[in-house]
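Participant: To start, I am sharing the structure in question, which I have written as structure tokens.
FYI, it's all coordinate maths here, none of it is from the lab. Quick caveat: nothing in here was measured; it's all calculated off a predicted structure. Here Cβ is always computed from backbone atoms with ideal geometry, including for glycine, and neighbour counts include all displayed protein chains.
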Amino acid sequence: MSAPALAKPTDRLYELKCGRCHAAHDPTEYAAEEWVGLVNSMKSQAALTVAEMEELVAYLESESREGQSEEGSGPMLGGYLYTEYFRTSEKAKNFDIHYLAVSISGWASEQISYFGEFELEHGGKGDNTFVEQAYIDYWLTRNVAVKIGGLLTPFNRFDEFHDPLGNALIPRPQMAREIGVSAWKDVGVDLHGFARLNEETAVNFDLYAINGLGAGVNLRGSRQYRDNNEQLAFGGRLNVVYRDFLEVGGSAYRGAWDDAGDLDLTMLGGHFMLRTGVANVYGEWAQATSENAADAEEGEMSGYFVQASRLIQSRYRPAIRWGGLDYLDRGDLLGRNAGKGDKELTELAFAFSYYPTSPVVFKVEYTFFKEGDRVAEKDDDQLGLQAAVRF
């Protein structure tokens, strides 16, 4: 990019800045007065300058639908829902209302925004009704803010677009599910921000203190809202974006997981996102080491995935994903579930999505699984169907 971004037509600027990680929202999805707050919320990941924000707001307001509220500060209601069906050779699963998520957001002032997301999973029975996120975001300066409350922990990059309109396939990658435990809900404080180093390069960061993962049956089962050991966990992530087509980043996390607060869990991760004229390519890797008591070896978990997809005529998206997971944690000697602490597999998934309109998608996917030498072979290849809408 030899010329400044503002030299580009504004619709192209919007696509570059706000559609880099997933398809940009159609301007008509929101009322004119809602776009001010939305663009302000986008500015950190997109590293928007003041001039770019003003240009984007003017463009989106001019292209938006008719306004429905009197105040642009909100509150705004939104959310998504999706229904799925999976079938394997071993068994057929029922149709599942996987998620109904309802969110409310807005700006209490020019510096303070809020966001709450409430989810009913698998019909909302029992523990499947919960708060996904609930936080206040206070912008100390134009480039630095502190987020306080219930938040998605900024470890896996995938977590920030795990919803069905952001995910190019149907299931989440095995690595993202089991390491970094998408969607990782926790409570704490996140200092985050961004900076434009020059016209071609931007960075954004997160530094957070949270309650941390606890003593569940495995990492995924260790998510918690209240701390089990009264010791905070700490982590951070740094992303570098070059010319709006390449992003690379790294994450780190460390915190005590057992009730006594004596045993630490350490996690590292990295990702890249690349936009090309042929396809959008995205890959992520993570590893975790869990300290265990003297009679159990340390838990060692690692995984990766790489996927590619292409949005054709804003209607069709073929996608492919290849990934692997090696998860071995003898924490079952400490009371964890042995069956959930030993996984070794690779996955190869092919998917096709159809978008009749931008907030609606229908997907079909077939995934091939292959177990590693340590785990008994299963006939668990899977056909998946999904229908989803964002509102």
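Participant: Between A58 and I136, what is 0.36 nm times their sequence separation minus the Cα-Cα distance? Round to one decimal in nm.
Facilitator: 25.4 nm
Participant: Can I ask one more? I need the calculated FRET efficiency for the pair A387 and E15, taking r as the beta carbon distance and R₀ as 30 Å, to the nearest 0.05.
Facilitator: The formula returns an efficiency of 0.70 here.
Participant: How far apart, in nm, are the 7 Å Cα→Cβ label points at D259 and V281?
Facilitator: Those two pseudo-labels are separated by 4.9 nm.
Participant: At a 10 angstrom cut-off on C-beta neighbours, averaged per residue, how do the peptides 49-61, 92-104 rank from highest to lowest?
Facilitator: Order by mean packing, descending: 49-61, 92-104.
Participant: With a 10 Å Cβ neighbour count serving as the proxy for reagent exposure, in which order, fewest first, do S353, S358 appear?
Facilitator: S358, S353
Participant: Against the longest alpha carbon principal axis of the chain, how many degrees, from 0 to 90 and to the nearest 10, is the axis of helix 50-63 turned?
Facilitator: The two axes meet at around 80 degrees.
Participant: When we measure straight from the Cα of K17, which lysines land under 20 angstrom away, once same-chain ones fewer than 8 places off are left out?
Facilitator: Counting by Cα, and skipping residues close in sequence, K17 has these lysines nearby: K8, K43.
Participant: Once R0 is set to 35 Å, what does the formula 1/(1 + (r/R0)^6) return for the Cβ-Cβ distance between E90 and D295, expressed as a FRET efficiency to the nearest 0.05?
Facilitator: 0.50
Participant: Using a cut-off of under 17 Å, list every residue of region 123-159 whose amide N is near the label point 7 Å from the Cα of E110 along the Cα-to-beta-carbon line.
Facilitator: 138-145
Participant: Could you sort 310-318, 269-277 so that the peptide with the highest average Cβ count within 10 Å comes first and the rest follow in order?
Facilitator: In decreasing order of mean packing, 310-318, 269-277 become 269-277, 310-318.
Participant: Which whole-number value in Å³ per residue fits the convex hull of the alpha carbons of the chain?
Facilitator: Working: hull volume 54.6 nm³, N = 391.
Given the Cα convex hull of the chain, per-residue volume reads 140 Å³.
Participant: Could you compute the FRET efficiency for L191 and Q313, with r as their C-beta to C-beta distance and R0 at 41 Å, rounded to 0.05? The partial results should precede the final answer.
Facilitator: On the way: r = 41 Å, r/R0 = 1.01.
Efficiency, from the Cβ-Cβ distance: 0.50.
Participant: Further question on the same structure: When the chain is fully extended, how far beyond the present Cα-Cα distance does F118 get from A252, taking 0.36 nm per residue of separation?
Facilitator: Full-extension gain reported as 45.5 nm.
Participant: Roughly speaking, what is the stretch gain from F368 to V306, that is 0.36 nm per residue apart minus the C-alpha to C-alpha distance, in nm to one decimal? Intermediate results must be reported in sequence, preceding the final value.
Facilitator: Values: separation 62, 0.36 × 62 = 22.32 nm, distance 1.49 nm.
Result: 20.8 nm gained on full extension.
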